[in-house]
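The values are calculated or read from the model by the stated rules, or taken from the named source; none is laboratory data. Please read these numbers as outputs of a predicted model, since none were measured by experiment. Backbone-built Cβ (ideal geometry, glycine too); neighbour counts: all protein chains shown.
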Amino acid sequence: MTWSVAAVTLFICYLHVARSCAVTSDGASNALQAWDMLHHNLLLRGWQLSDVSFYTTELPQYMLIEYLRGLTPDVVHVASAATYTLLILLAASLAKGRASGRAAMARCLIAAGVMLAPQAGNGVYVLMGSPDHIGSTVPVLVTFLLLDRVPHRWHAVVVTGVFLWLALVADGIVLFTGILPVIGVGLTRGYQARLQHDRRWRSLRFEAALTGAAVASAWLAAAALKAIARHGGFTVWPISTMLASAADLPRYVMTAGRGLLLLFGADFFAHRAGFVAALAIAHLVGLALTAWATCTAVGNFRNAELSVQLLAAGILITLGAYVLGTRADGLPSTRDITAVLPFGAALSGRLLAGRLARARLLPAAAVVLIAYLISLGRVVTLPPAPPRSAGLASWLAAHHLDYGLAGYWNANVSTLDSGGQVRLRSVLAAGSQVTGDYWEVRSDWYDPKINDANFIVLVPSPPGFKRYPTVGSVRATFGQPLRIYYLGSYTIMVYDKNLLADLVPGGPPAPKAPPGMPSEPPLPAPPGI
């Protein structure tokens, strides 16, 4: 009963929190994909996705919500609130372990407290702005919890392999948050048991099976994605395997540090000295507890419980891959290490509740928790953010412009904001040529035989992204428009012909992209990022 009440309360709170962040084209793209699946395109035929599909995680969740509520921007908010609520409950359950009574309550409260209050603005945007790697942590935590509750059971190994396989099909980040930690811990435990404790090989079957299940899940996930594409289903861009250069490494380390502050609600740099900054500084306690718990787990790794080893390994591998890769190019990329937050929360509650109690620090922890509750109250009471493109969509509908072209950050989100009544398809500029897009699009959107696009919406290019169409590239590609409208920052050029007939397929700019990798559209950062 307590868990049910907590789940409902948290969901209501986080639904208000999620609504304070406007939906972007990232979330809108996933909502449109789920809508397509709900209308019998289960393999997402014709879709070219990003480097993440969410096919077996968030998209089924979106399908259920859209079945109940229809195609609206609030689908993204409801899904984000449900996901974050589930993450807190899973982290608290892992922190509890087999404890009971006051010890269990202390563990759960510490774990939930660390995650309780996402930081307004940037923190909410990264954690709850749209489907992202934070949701992919759910199946990983479920597998860790299963291995904690039923250790050394064969069915736990099988379920672990299945969940990791499904999660990796949805999101390649699971390789670092789930699969490599399981492989590393399995091999380490096997090595310790055989060479340090002189156990027989036969007694190491569980460790061998666990490692094998994780390896098999990685192979099966790759095979599943290839099979889907071979049968006409969606395709995804491969994840970059480039390593950081020595010159970039210090900057990536700084980005990771600032990102950890953001995840734990402790990013006080953007605030003036005062009450809000003090609340952010109080969240340093959660980050400090995670660091303490991780060091404790590593220091006692040989004798630690399986779930503790998995959580610590997940934190270290996730952070290591982030810093040593090439994706730590800005604060919004913190989404790649969001798993550190629930992992650290679970580890803190599990390992430190007893230590804090023995040191008589639980009253101080309670004071910090009150500060976190105040922080949550502040973000819960923020007003809902208006849809980004509601004004544009309603204006287009009023002028009977229902199928046209636009840049990435105005296309799919306008389609979602209008409930599909106005459909904007994403395009790019390649020099003076306007082309179709290659990121989160469906190929038949650009087929002039079945669709008729007679207008294009232009806005200034986002910072750092130079491939938005301009008035010059539009005229060079399509000729002189019939009419031009100006609506705020939007320039709407209307034609008396089908613009799709003059489009060519788009692709990533070869000079700037590593082999096989797209140049991903930049995130539309909210104020402060």
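Tabulated results
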read-out: Count - residues of the stretch 452-496 that are farther than 20 Å from Ala398 by Cα, more than 29 Å from the chain's Cα centre (by Cα) and part of a loop (DSSP other than H, G, I, E, B); value: 3
read-out: Single residue of the stretch 231-272 satisfying the filter (under 18 Å from Asp329 (Cα atoms) and among the polar types (S, T, N, Q)) that is surrounded by the fewest Cβ atoms within 10 Å (Cβ to Cβ); value: Ser245
read-out: Subset of the stretch 317-332 that is assigned to a helix (DSSP H, G or I) and out of contact with any helix residue (DSSP H, G or I) (no Cβ under 7 Å at 6 or more places or on another chain) - its residue that is farthest from Leu90 (Cα to Cα); value: Leu324
read-out: Close pairs (7 angstrom Cβ cut-off, 6 or more residues apart or separate chains): over 16 Å from Gly436 (Cα atoms) in the stretch 465-479, surrounded by fewer than 21 Cβ atoms within 10 Å (Cβ to Cβ) and at pLDDT 90 or above anywhere; value: Val471/Thr491
read-out: Condition check for Trp439: within 28 Å of Ala34 (Cα to Cα), in a loop (DSSP other than H, G, I, E, B) and aromatic (Phe, Trp, Tyr); value: yes
read-out: Val114 being part of a helix (DSSP H, G or I), in the same structural domain as Leu310 (by TED's automatic domain parsing), farther than 21 Å from Gly419 by Cα and touching a residue at least 40 places away in the same chain (Cβ under 8 Å); value: yes
read-out: Residue within the stretch 418-429 that is part of a helix (DSSP H, G or I) and surrounded by 13 or more Cβ atoms within 10 Å (Cβ to Cβ) present; value: no
read-out: Any chance Gly178 is surrounded by 23 or more Cβ atoms within 10 Å (Cβ to Cβ), in contact (Cβ under 8 Å) with a residue 60 or more places away in the chain and not assigned by TED's automatic domain parsing to the domain that holds Ala99; value: yes
read-out: Neighbours by Cβ (under 6 Å, 6+ apart or cross-chain): first from the stretch 87-105, part of a loop (DSSP other than H, G, I, E, B); second of a type in the set (Lys, Arg); value: Gly97/Arg350; Ala99/Arg107
read-out: Condition met for Trp219 (outside the structural domain of Val138 (by TED's automatic domain parsing), of a type in the set (Phe, Trp, Tyr) and either modelled with pLDDT of 85 or more or surrounded by 18 or more Cβ atoms within 10 Å (Cβ to Cβ) (or both)); value: yes
read-out: Test for Ala6: is it farther than 30 Å from Ala221 by Cα, touching a helix residue (DSSP H, G or I) at 6+ places or on another chain (Cβ under 8 Å) and aliphatic (A, V, I, L, M); value: yes
read-out: In the stretch 304-313, residue surrounded by the most Cβ atoms within 10 Å (Cβ to Cβ) [restricted to those that are outside any loop (DSSP other than H, G, I, E, B) and among the hydrophobic types (A, V, I, L, M, F, W, C)]; value: Leu311
read-out: First in the stretch 480-493 and not assigned by TED's automatic domain parsing to the domain that holds Asn454, second anywhere and in a strand (DSSP E or B) and among the charged types (D, E, K, R), Cβ under 6 Å, 6 or more apart; value: none
read-out: Top-ranked residue of the stretch 400-417 - restricted to ones that are assigned to a loop (DSSP other than H, G, I, E, B) and either in contact (Cβ under 8 Å) with a residue 12 or more places away in the chain or assigned by TED's automatic domain parsing to the domain that holds Asp51 (or both), ranked as farthest from Gly46 (Cα to Cα); value: Leu401
read-out: Qualifying residue in the stretch 186-196 (condition: in contact with a Phe, Trp or Tyr (Cβ under 8 Å, 6 or more places away or on another chain) and over 17 Å from Gly344 (Cα atoms)); value: yes
read-out: Exclusive hit being surrounded by 18 or more Cβ atoms within 10 Å (Cβ to Cβ) and part of a loop (DSSP other than H, G, I, E, B), set Gly172, Gly186; value: Gly172
read-out: Positions within the stretch 412-445 being of a type in the set (A, V, I, L, M, F, W, C) and closer than 12 Å to Ala31 by Cβ, in sequence order; value: Val413, Leu416
read-out: The listed residue being aliphatic (A, V, I, L, M) and touching a Ser or Thr at 6+ places or on another chain (Cβ under 9 Å), out of Ala297, Ala293; value: Ala293
read-out: Leu316, sole failed condition from (1) touching a residue at least 60 places away in the same chain (Cβ under 8 Å); (2) farther than 21 Å from Leu376 by Cα; (3) not polar (S, T, N, Q); value: (1)
read-out: Among (1) closer than 18 Å to Pro342 by Cα; (2) at pLDDT 95 or above; (3) surrounded by fewer than 24 Cβ atoms within 10 Å (Cβ to Cβ), the one test that Met63 misses; value: (1)
read-out: Out of Ala31, Ala7, Ala18, sole residue that is in the same structural domain as Ala92 (by TED's automatic domain parsing), surrounded by fewer than 16 Cβ atoms within 10 Å (Cβ to Cβ) and in a helix (DSSP H, G or I); value: Ala7
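Let's see how each residue does on (1) modelled with pLDDT of 95 or more; (2) crowded, with 19+ Cβ neighbours inside 10 Å; (3) not aromatic (Phe, Trp, Tyr):
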site	(1), (2), (3)
Leu284	no, no, yes
Ala293	yes, yes, yes
Phe301	no, no, no
Ile315	yes, yes, yes
Leu324	no, no, yes
Ala328	no, yes, yes
Pro332	no, yes, yes
